[in-house]
Amino acid sequence: MSRLSILWHYARARRRTTAWRDRAALERWQEARVRRHLQTIAARSPYFGRLARETDVTGWRHWPTSDKALMMGHFDEWNTAGIRLEDAWPLAVEAERTRDFSRTLNGLTVGFSSGTSGSRGLFLASASERRLWAGMLLARVLRGTLLHRHRAALFLRADSPLYRTLGSRRFRFEFFDLLQPLDHHRQRLSELRPTVLAAPPGVLTRLAAWPEAERLLAPPRILVSVADVLDAADRARTEEAFGCPVGQIYQATEGFLAATCPEGRLHWNEDAVVIEKEWLGGGGPASAGSRSEARRYTPIITDFRRLTQPIVRYRLDDVIVADDGAPCPCGSPFGTFGEIEGRQDDALRLPRADGAGEVLVFPDFVRRAVAMGVPPGIDYTVRQTSSSRWFIALSEPCALAPIEREVTELARRLGAVAPDLALAPWDPPPLHAKRRRVRCELPPGPVS
């Protein structure tokens, strides 16, 4: 039954990429689905029951936004399965300690988020939600049909029943633990010769440096970047080494949010989530050229398929770069975007040249400036420790002067005071950690 359910979700997800005649029809369908979903969770979750009594589900867009801290603070009354945090937390801790992720709680998968924002979240997923996730993932990632046999290598921080759900005679999924050194996996990866390789960008670039990289993947050669920001330099290096394009999956604890289509554009999975856009710096589509942050937004997501642990008007920390909004040649009405830039609190801050407050320097600007100042293949990190000082760590010795010129020019274009740069020792990040090339270590503060 579980296999048939996955196939059904797969077929439905494939069909729905072109099921609506226009954007307006899709949005009407979404609205009806959200209202019906909220009525269901309001009857099962004390937290959302209170919200529904205060403001009817027809006004759900006026409900307060939520985030990880709020969800964890109300965990017991938030979920619809009656799971208590004091019971779920030890199970997740034990799974992390033993690296055995097969245990469930009342049939529910329990796991931690990666905790890059400084605090860990706990997620719950039922068997039916795992099957839905599996079907959608197959539909959005695999090319061709389900008649093809696939061997997938998943380089992840943690294993999960979510991934084993996909296993069958035609689909072999192998977990490669990122807590192990990469060379530890070399022989097994070569013997598997996967058709699908999914890994964080930092792992992809290290695999790309292996002499045998191009021979690791078998046709149809599907390469997927997961769990972290994929920048242009890493994409180019990886695609050259493996001889195939890199797609992306945007998946968080909060759900499977977006994926790259066959035309290479990132689409929101709007047959499962509604995306509201909180434009940064007062920007938006109409003012896209007025300020550096006007094309950037933070997504507020509502997942109308997720029942066990509701995600309703949930504000992510990520910064999304909007695209031009042109229809995608793939024919899907689902909204597209340019790239996932990173977390909002990783934006650096510089004093304005006119003395009127500070200006945000988004991670993409910083990455491009540093990349222009170093030879190809050099890895780096940038940390801001004060309003006037950035520390640059480089994987190989390089002159600092070219980076200083690029950063000074960037500051000039932004109308900001250029920071002082200083070299710091290079400390390669562990494979299992999300790679944050750009980090702001200043306390939170207002930006003009």
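The values are calculated or read from the model by the stated rules, or taken from the named source; none is laboratory data. This is a predicted model, so every value here is computed, not measured. Here the Cβ is made from the backbone with ideal geometry for all residues, glycine too, and neighbour counts use every protein chain on show. Surface areas here come from the heavy atoms of the whole protein model, side chains and all, with no ligands, DNA or RNA. Shrake-Rupley method; radii C 1.70, N 1.55, O 1.52, S 1.80 Å.
Hey, among Thr18, Thr58, which residue is in contact (Cβ under 8 Å) with a residue 40 or more places away in the chain and of a type outside the set (A, V, I, L, M)? So that I can check it myself, show each step before the final result.
Details: Thr58 fails: in contact (Cβ under 8 Å) with a residue 40 or more places away in the chain.
Result: Thr18 is the single residue among Thr18, Thr58 that is in contact (Cβ under 8 Å) with a residue 40 or more places away in the chain and of a type outside the set (A, V, I, L, M).
Assigned to a helix (DSSP H, G or I), at pLDDT below 95 and of a type in the set (D, E, K, R) - does that describe any residue in segment 31-51?
no
Would you be able to say whether some residue in segment 332-347 is of a type in the set (D, E, K, R), crowded, with 21+ Cβ neighbours inside 10 Å and part of a strand (DSSP E or B)?
Residues of segment 332-347 that are of a type in the set (D, E, K, R), as a first pass: 339, 341, 343, 345-346.
Okay, now just the ones that are also crowded, with 21+ Cβ neighbours inside 10 Å, so 341, 343, 346.
Now restrict to residues that are part of a strand (DSSP E or B): 341, 343.
Within segment 332-347, one or more residues are of a type in the set (D, E, K, R), crowded, with 21+ Cβ neighbours inside 10 Å and part of a strand (DSSP E or B).
Out of (1) in a helix (DSSP H, G or I); (2) farther than 17 Å from Phe304 by Cα; (3) modelled with pLDDT of 85 or more, the odd one out for Gly59 is which?
The failed condition is (2).
Checking the conditions here, which among Ala88, Ala69, Ala95 is in contact with a strand residue (DSSP E or B) (Cβ under 6 Å, 6 or more places away or on another chain), part of a helix (DSSP H, G or I) and among the small types (Gly, Ala, Ser)? Quick ask: steps written out before the conclusion?
Details: Ala69 fails: in contact with a strand residue (DSSP E or B) (Cβ under 6 Å, 6 or more places away or on another chain); Ala95 fails: in contact with a strand residue (DSSP E or B) (Cβ under 6 Å, 6 or more places away or on another chain).
The unique qualifying residue is Ala88.
Would a scan of segment 121-129 turn up a residue that is in a loop (DSSP other than H, G, I, E, B) and open to solvent by 40 Å² or more (accessible area, probe 1.4 Å)? I'd like the intermediate steps shown before the answer.
If we filter segment 121-129 for residues that are in a loop (DSSP other than H, G, I, E, B), which is where we start, we get 121, 126.
From what's left, open to solvent by 40 Å² or more (accessible area, probe 1.4 Å): none.
There is no residue in segment 121-129 that is in a loop (DSSP other than H, G, I, E, B) and open to solvent by 40 Å² or more (accessible area, probe 1.4 Å).
Being in a loop (DSSP other than H, G, I, E, B) and either without any contact (Cβ under 8 Å) to a residue 60 or more places away in the chain or closer than 20 Å to Ile275 by Cα (or both) is the filter here, so list the residues in segment 72-82 that pass it. Working first, answer last.
Step one: filter segment 72-82 for residues in a loop (DSSP other than H, G, I, E, B), giving 74, 79-82.
Scanning segment 72-82 gives His74, Gly82.
Output the residues belonging to segment 92-149 that are at pLDDT 85 or above, among the hydroxyl-bearing types (Ser, Thr, Tyr) and closer than 23 Å to Phe176 by Cα.
Correct list: Thr104, Thr109.
Applying the selection to segment 299-322, what residues are part of a loop (DSSP other than H, G, I, E, B), surrounded by fewer than 22 Cβ atoms within 10 Å (Cβ to Cβ) and among the basic types (Lys, Arg)?
Arg305, Arg313
Quick one: Leu166 ticks every box in (1) open to solvent by 20 Å² or more (accessible area, probe 1.4 Å); (2) modelled with pLDDT under 85 except a single one, so which number is it?
Leu166 satisfies all of (1) open to solvent by 20 Å² or more (accessible area, probe 1.4 Å); (2) modelled with pLDDT under 85 except (1).
Does Leu38 qualify as being closer than 21 Å to Glu254 by Cβ, aliphatic (A, V, I, L, M) and open to solvent by 10 Å² or more (accessible area, probe 1.4 Å)? Break it down stepwise before answering.
Working: closer than 21 Å to Glu254 by Cβ: yes; aliphatic (A, V, I, L, M): yes; open to solvent by 10 Å² or more (accessible area, probe 1.4 Å): no.
Criteria not met by Leu38.
Can you name every residue in segment 415-430 that is in contact with a Lys or Arg (Cβ under 8 Å, 6 or more places away or on another chain) and modelled with pLDDT under 75?
The answer is Pro429, and nothing else.
Before we move on, is Trp63 touching a Lys or Arg at 6+ places or on another chain (Cβ under 7 Å) and not charged (D, E, K, R)? Can you show your working first?
Numbers: touching a Lys or Arg at 6+ places or on another chain (Cβ under 7 Å): yes; not charged (D, E, K, R): yes.
Yes, satisfied.
Quick one: in segment 256-266, of everything that is of a type outside the set (D, E, K, R) and open to solvent by 10 Å² or more (accessible area, probe 1.4 Å), which residue is nearest to Trp133 (Cα to Cα)? Spell out how you get there, then give the answer.
Of segment 256-266, the ones of a type outside the set (D, E, K, R) are 256-262, 264, 266.
When the remaining residues are screened for being open to solvent by 10 Å² or more (accessible area, probe 1.4 Å), the result is 256, 260-262, 264.
Values: Phe256: 7, Thr260: 16, Cys261: 17, Pro262: 20, Gly264: 21 Å.
It comes out as Phe256.
Just for segment 206-225: of the residues that are touching a residue at least 60 places away in the same chain (Cβ under 8 Å) and open to solvent by less than 20 Å² (accessible area, probe 1.4 Å), which one is nearest to Pro376 (Cα to Cα)?
Across segment 206-225, the extreme among qualifying residues is Val224.
Mind listing whichever residues of segment 92-110 are open to solvent by less than 50 Å² (accessible area, probe 1.4 Å), free of Cβ contacts under 8 Å to residues at least 60 places away in the same chain and closer than 27 Å to Leu316 by Cβ? Walk me through it before giving the result.
Step one: list which residues in segment 92-110 are open to solvent by less than 50 Å² (accessible area, probe 1.4 Å), which gives 92, 95-96, 101, 105, 107-110.
Pick out the ones that are also free of Cβ contacts under 8 Å to residues at least 60 places away in the same chain and you get 92, 105, 107, 109-110.
Listed by number, the residues that qualify are Ala92, Leu105, Thr109, Val110.
Kindly list the number of the only condition in (1) modelled with pLDDT of 90 or more; (2) of a type outside the set (D, E, K, R); (3) closer than 26 Å to Pro181 by Cβ; (4) surrounded by fewer than 18 Cβ atoms within 10 Å (Cβ to Cβ) that fails for Leu197.
Result: Leu197 fails condition (4) only.
Which members of segment 181-207 meet the condition of being part of a helix (DSSP H, G or I), more than 17 Å from Leu156 (Cα to Cα) and not acidic (Asp, Glu)? If you could, list the steps in order and put the result at the bottom.
Restricting attention to segment 181-207, the residues satisfying the condition of being part of a helix (DSSP H, G or I) are 182-192, 201-207.
After this cut, where a residue has to be more than 17 Å from Leu156 (Cα to Cα) as well, the list is 187, 190-191.
Within segment 181-207, Gln187, Ser190 qualify.
Out of the residues in segment 252-294 meeting the condition of being of a type in the set (S, T, N, Q) and in a loop (DSSP other than H, G, I, E, B), tell me which one is modelled with the lowest pLDDT.
Residues of segment 252-294 of a type in the set (S, T, N, Q): 253, 260, 269, 287, 290, 292.
With in a loop (DSSP other than H, G, I, E, B) added as a condition, the list becomes 253, 269, 290, 292.
On the way: Thr253: 74, Asn269: 95, Ser290: 41, Ser292: 48.
Residue satisfying both the conditions and the ranking: Ser290.
Got at least one residue in segment 2-21 being polar (S, T, N, Q) and outside any helix (DSSP H, G or I)? Talk me through it step by step, then tell me what you get.
Initial filter on segment 2-21 (polar (S, T, N, Q)): 2, 5, 17-18.
Narrowing further to those that are outside any helix (DSSP H, G or I): 17-18.
Yes - at least one qualifying residue is present in segment 2-21.
Consider Asp231 against the criteria (1) under 21 Å from Pro299 (Cα atoms); (2) charged (D, E, K, R); (3) open to solvent by less than 10 Å² (accessible area, probe 1.4 Å): it satisfies all of them except one. Which criterion is unmet?
Condition (3) is where Asp231 drops out.
Return the residues of segment 234-251 that are open to solvent by less than 30 Å² (accessible area, probe 1.4 Å) and either assigned to a helix (DSSP H, G or I) or within 15 Å of Glu339 (Cα to Cα) (or both); say none if nothing qualifies. So that I can check it myself, show each step before the final result.
Step one: of segment 234-251, the residues open to solvent by less than 30 Å² (accessible area, probe 1.4 Å) are 234, 238, 241-242, 244, 246-250.
Hits for segment 234-251 are Asp234, Thr238, Ala241, Phe242, Val246, Gly247, Gln248, Ile249, Tyr250.
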